[in-house]
Structures are given as C-alpha cells and as structure tokens.
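A short worksheet on the structure shown next.
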Amino acid sequence: MPPNGSETRDRIVAAAARLFYAEGIRAVSVDAVAEKAGITKKTLYYHFASKDELIAAYLAARDQPTLDLYRSWFEGTEGTARDKVRGLFTQFARAVDTPRWKGCGFLRTTAELASTPGHPAIKVGALHKKRFESWLAGALTGEGVGDAERIARAIMILLDGAAAVMLIHRDPAYVEAAGEAAAGLVAA
C-alpha cells in the first residue's frame with residue numbers, strides 16, 4: 001500500500017460523500033470522485049475495486065456519525081421519554097430546514113439502487129437502519145418504555161417518512177407532525 005493509504009482512502013470517501021450527496025450516486029462518475037479527491041482514477045481503484053464498493057464505503061462512513069447525532073438529540077432533550085422522542089423530531093426539523101439538505105443519504109442511495117437489491121450499499125443502508133432501530137429500542141427501554149422494540153420500529157418509520165415528505169414539501173411542519181405522532185406512541 002502506498003504511504004498514507006488510509007489518509008488517501010479517507011480523502012476518497014470524503015470526496016465521494018460530498019458528490020454523491022449533492023448530485024446522486026448515479027450522476028457522479030468515478031472520474032469526478034478522483035478529481036475531487038485530488039488523485040488519479042488508478043489510485044481510486046487501488047483503494048476501491050469498484051464504484052459499488054465506493055458507494056458502500058460512503059454509506060458506511062455515515063453510519064456512526066448519524067447514529068451519534070440522533071443519540072445526542074435524544075440525550076440532550078430534557079424530560080420524559082415522550083419529550084426525548086419529540087426532541088429527536090424537533091432537532092431533525094431544524095437540521096433539515098435548509099436548502100443544503102437533500103434528504104437521508106441512506107434512503108436516497110437505496111432509492112437509486114432499487115433495481116439492484118443485492119448491492120453492497122443497500123446492505124449497508126439496511127444495517128444502519130437496523131442499528132438505529134436497535135439503539136432507539138434500547139434508549140426507550142432505558143427510559144422505562146414498554147414494548148420498546150415495536151415502538152422504535154414505528155418511530156423509525158415516522159422519521160423516514162418525515163424525511164421523504166420534507167423532500168417534497170420543504171416544510172418542517174411535517175416533521176413536527178411526525179414527532180407528535182411518535183411522542184404519542186411513547187405515551188400510549
């Protein structure tokens with residue numbers, strides 16, 4: 001491996017992340033990623049055997065930071081479990097209420113790859129969604145919420161639905177409405 005191989009790989013993934021998120025994975029060529037990363041296409045292929053592998057690495061790099069963000073929103077909200085769930089959606093509404101927001105990278109990538117269900121990025125996206133659901137179920141259990149696994153799954157559906165509707169309407173009121181529904185599930 002050439003010197004600073006890990007640094008180069010990270011730079012490639014960061015360049016791919018910026019381009020894939022801004023333009024979509026199908027619209028972005030490997031040449032564009034290499035140029036954005038300041039490397040040759042040969043160097044890119046040294047680190048990633050294919051564009052598919054690069055797309056999966058892009059999503060994998062977003063997994064933990066995304067989970068950490070939601071965890072911080074949940075834990076940073078004072079009050080009951082219901083308040084904390086509502087806080088997730090309130091913070092999400094603030095984060096997505098910007099022209100720079102282009103949707104959930106996991107959902108957008110999966111939508112672009114819908115005709116290739118075995119794609120490695122779809123597997124990464126599915127794992128991320130399961131990890132989020134598992135984390136939320138554990139957090140809800142820790143807050144004394146019964147049937148936490150079922151409620152976490154429903155909240156995840158509401159959150160992903162809110163992300164989809166935000167792309168259409170660009171109105172955070174939809175995210176807030178999903179948050180009220182999610183908080184209601186916790187209170188029930």
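Just checking, does the range 46-53 include any residue being hydroxyl-bearing (S, T, Y), without any contact (Cβ under 8 Å) to a residue 60 or more places away in the chain and closer than 19 Å to A183 by Cα?
Step one: list which residues in the range 46-53 are hydroxyl-bearing (S, T, Y), which gives 46, 50.
With the extra rule that they be without any contact (Cβ under 8 Å) to a residue 60 or more places away in the chain, the set shrinks to 46, 50.
Then drop every residue that is not closer than 19 Å to A183 by Cα, which leaves none.
No, the conditions are met nowhere in the range 46-53.
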(Q) Just to verify a result, which residue in the range 62-82, among those that are open to solvent by less than 50 Å² (accessible area, probe 1.4 Å) and in a helix (DSSP H, G or I), is farthest from A163 (Cα to Cα)? (A) A81
(Q) Which numbered condition in (1) open to solvent by 30 Å² or more (accessible area, probe 1.4 Å); (2) in a helix (DSSP H, G or I) is the only one that V85 fails? (A) (1)
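Would you point out which residue out of G103, G118, G87 is under 14 Å from the mean Cα position of the chain (by Cα) and of a type outside the set (A, V, I, L, M, F, W, C)? So that I can check it myself, show each step before the final result.
Details: G118 fails: under 14 Å from the mean Cα position of the chain (by Cα); G87 fails: under 14 Å from the mean Cα position of the chain (by Cα).
Residue meeting the stated conditions: G103.
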(Q) Just checking, does the range 130-140 include any residue being modelled with pLDDT of 95 or more, among the polar types (S, T, N, Q) and more than 17 Å from the chain's Cα centre (by Cα)? (A) no
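Just to be sure, is L54 farther than 30 Å from G184 by Cβ, open to solvent by 10 Å² or more (accessible area, probe 1.4 Å), of a type in the set (A, V, I, L, M, F, W, C) and at pLDDT 95 or above? Working first, answer last.
Details: farther than 30 Å from G184 by Cβ: yes; open to solvent by 10 Å² or more (accessible area, probe 1.4 Å): no; of a type in the set (A, V, I, L, M, F, W, C): yes; at pLDDT 95 or above: yes.
Here the answer is no, as L54 does not meet what is asked.
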Q: Among the residues of the range 92-111, write down those that are surrounded by fewer than 18 Cβ atoms within 10 Å (Cβ to Cβ) and either β-branched (V, I, T) or within 18 Å of F20 (Cα to Cα) (or both).
A: T98, P99, R100, W101, K102, G103, L107, A111
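I'd like the residue in the range 8-42 that is part of a loop (DSSP other than H, G, I, E, B) and in contact (Cβ under 8 Å) with a residue 12 or more places away in the chain and, out of all such residues, is most open to solvent (accessible area, probe 1.4 Å).
Here is the first cut: in the range 8-42, the residues part of a loop (DSSP other than H, G, I, E, B) are 24-29, 38-40.
Still in the running and in contact (Cβ under 8 Å) with a residue 12 or more places away in the chain: 24-26, 28, 38-39.
On the way: G24: 3, I25: 4, R26: 139, V28: 3, G38: 62, I39: 30 Å².
Checking each candidate, the answer is R26.
Residues of the range 115-147 being among the small types (G, A, S), closer than 16 Å to L185 by Cβ, surrounded by fewer than 20 Cβ atoms within 10 Å (Cβ to Cβ) and free of Cβ contacts under 8 Å to residues at least 60 places away in the same chain, which ones? Break it down into steps so the answer makes sense when it comes.
At the first step, the residues of the range 115-147 found to be among the small types (G, A, S) are 115, 118, 121, 125-126, 134, 137-139, 142, 144, 146.
Of the ones still in play, those that are also closer than 16 Å to L185 by Cβ are 137, 139, 144, 146.
Those left that are additionally surrounded by fewer than 20 Cβ atoms within 10 Å (Cβ to Cβ): 144, 146.
Once the filter is applied, which keeps residues that are among the small types (G, A, S), closer than 16 Å to L185 by Cβ, surrounded by fewer than 20 Cβ atoms within 10 Å (Cβ to Cβ) and free of Cβ contacts under 8 Å to residues at least 60 places away in the same chain, the range 115-147 yields only G146.
The values are calculated or read from the model by the stated rules, or taken from the named source; none is laboratory data. Everything numeric in this text was worked out from a predicted model, so none of it was measured. Here the Cβ is made from the backbone with ideal geometry for all residues, glycine too, and neighbour counts use every protein chain on show. Only protein heavy atoms, including side chains, enter the accessible area calculation; ligands, DNA and RNA are left aside. Shrake-Rupley method; radii C 1.70, N 1.55, O 1.52, S 1.80 Å.
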